[in-house]
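Undergrad: Dropping the structure in here first, questions after.
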Amino acid sequence: MDTSQELHAADATGWRAGMYDDIRHTFRAPVVNWIWRTATANHPDLTRYLWGQVKPAFDTRAFAETTVAYRDAVLSAVDGPRYRAGDLDLAPAEARELRGQIATFDAVAPRLAVLFELVDRSMNGGDVGTAVPDYPGATAPFPDHVDADRGLDPSMVAVDAVPESAADAVAAIQSFHGFDEGSLPSVYRCLAQWPGFLTRLWEDLEPELESTAFDTAVADADAVAAAYVEGLAYQPALSREAVLAAGFEASAFEDLAGLFATFNAGPVETVIPALPLFADAVGAAGARHL
């Protein structure tokens, strides 16, 4: 699978454009994440099938409860920095843009955590829907007000165009998460638009991320996502047998199963729980309780 290939939202047409709109609407965020862009570029029909299988998982009240519980698990474990608007050394318009873009990452954090856990388990033999709780929220609709009207479409700098003033922070970020020099998660490429803020945030937050408190946050947030997947009322048909029976090639199944397994257990595992901390630092974090 060529992970350098992406179908960006601006280039999507036909049903691909519609699927991207559906992902944005369902994820409550004005962004189509890299995982969808790459999967669609490589295996569009299987990605469309996959999205149709997992979409119901994001449309229940139980999932809304999971989004706030995920955020609360992180913010309860880690006492990260918090800045007032005047502390950011940014013009008011820049500060608003920064807060809006960080809010988008905060909104997608629990959604990506559940997506990776759900697809990885479904395609690689894990437990899904094995302990469905008998309460209305398991199948009730997602409340309209949760994560509504949040965030701005993130813009980013290329990895090789990160401002020199943020180079040391970026090197430390890559080292902490386990990325090589050519890779940098989207949230950091976004924050690199404000190199002074990124440097200050990382200097203030790095000790917390290297502490046992963040280890606890990662474990607790993972447990929230895992519990939701195990209690999922609607089980997607994403096993190897189901995907092949639906007419897809074994090689396509292996590609997507491997991609989601990598994201569910690789360096991204420490990136996603950090997203609420970034948002909380500038007062852009979402709700922690329904």
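Undergrad: Let me spell it out: the conditions are (1) assigned to a helix (DSSP H, G or I); (2) out of contact with any Lys or Arg (no Cβ under 8 Å at 6 or more places or on another chain); (3) surrounded by 18 or more Cβ atoms within 10 Å (Cβ to Cβ), and residue 80 meets all of them except one. Which number is the exception?
TA: Exception for residue 80: condition (1).
Undergrad: If residue 171 passes every condition in (1) of a type outside the set (Lys, Arg); (2) under 18 Å from residue 104 (Cβ atoms); (3) out of contact with any Leu (no Cβ under 8 Å at 6 or more places or on another chain); (4) not in a loop (DSSP other than H, G, I, E, B) but one, which one does it miss?
TA: If we test residue 171 against (1) of a type outside the set (Lys, Arg); (2) under 18 Å from residue 104 (Cβ atoms); (3) out of contact with any Leu (no Cβ under 8 Å at 6 or more places or on another chain); (4) not in a loop (DSSP other than H, G, I, E, B), just (2) comes out false.
Undergrad: What single numbered condition from (1) at pLDDT below 95; (2) farther than 26 Å from residue 132 by Cβ fails to hold for residue 235?
TA: For residue 235, the exception is condition (2).
Undergrad: Residues to consider are 132, 114; find the one that is at pLDDT 95 or above and open to solvent by less than 20 Å² (accessible area, probe 1.4 Å). If you could, list the steps in order and put the result at the bottom.
TA: On the way: 132 fails: open to solvent by less than 20 Å² (accessible area, probe 1.4 Å).
Result: 114 is the single residue among 132, 114 that is at pLDDT 95 or above and open to solvent by less than 20 Å² (accessible area, probe 1.4 Å).
Undergrad: For residues that are open to solvent by 20 Å² or more (accessible area, probe 1.4 Å) and either touching a helix residue (DSSP H, G or I) at 6+ places or on another chain (Cβ under 8 Å) or touching a residue at least 24 places away in the same chain (Cβ under 8 Å) (or both), tally how many sit in segment 52-75.
TA: Here is the first cut: in segment 52-75, the residues open to solvent by 20 Å² or more (accessible area, probe 1.4 Å) are 52-53, 55-56, 59, 61, 65, 69, 72.
Subset that is either touching a helix residue (DSSP H, G or I) at 6+ places or on another chain (Cβ under 8 Å) or touching a residue at least 24 places away in the same chain (Cβ under 8 Å) (or both): 53, 55-56, 59, 61, 65, 69, 72.
Qualifying residue count for the region: 8.
Undergrad: Shifting gears a bit: Quick one: which of 191, 152, 198 is without any contact (Cβ under 8 Å) to a residue 40 or more places away in the chain, closer than 23 Å to residue 31 by Cα and not small (Gly, Ala, Ser)?
TA: None of the other options fit; the residue is 198.
Undergrad: What are the residues in segment 145-167 that are assigned to a helix (DSSP H, G or I) and either of a type outside the set (D, E, K, R) or surrounded by 10 or more Cβ atoms within 10 Å (Cβ to Cβ) (or both), if any? Reasoning before the result, please.
TA: Let us first name the residues in segment 145-167 that are assigned to a helix (DSSP H, G or I), namely 159-161, 164-167.
The answer is 159, 161, 165, 166, 167.
Undergrad: Another question, then. Of the residues 238, 256, 244, 184, which is assigned to a helix (DSSP H, G or I) and in contact (Cβ under 8 Å) with a residue 12 or more places away in the chain? Quick ask: steps written out before the conclusion?
TA: On the way: 238 fails: assigned to a helix (DSSP H, G or I); 244 fails: in contact (Cβ under 8 Å) with a residue 12 or more places away in the chain; 184 fails: assigned to a helix (DSSP H, G or I).
Going through 238, 256, 244, 184 in turn, just one is assigned to a helix (DSSP H, G or I) and in contact (Cβ under 8 Å) with a residue 12 or more places away in the chain: 256.
Undergrad: Residues in segment 100-114: is at least one more than 23 Å from residue 191 (Cα to Cα) and small (Gly, Ala, Ser)?
TA: Checking segment 100-114: not a single residue is more than 23 Å from residue 191 (Cα to Cα) and small (Gly, Ala, Ser).
The values are calculated or read from the model by the stated rules, or taken from the named source; none is laboratory data. Every value quoted in this text rests on a predicted model; they were computed, and no experiment measured them. In this analysis, Cβ positions are derived from the backbone assuming ideal geometry, glycine residues included, and neighbour counts consider all displayed protein chains. Keep in mind that these areas ignore ligands, DNA and RNA; they rest on the heavy atoms of the full protein, side chains included. Shrake-Rupley method; radii C 1.70, N 1.55, O 1.52, S 1.80 Å.
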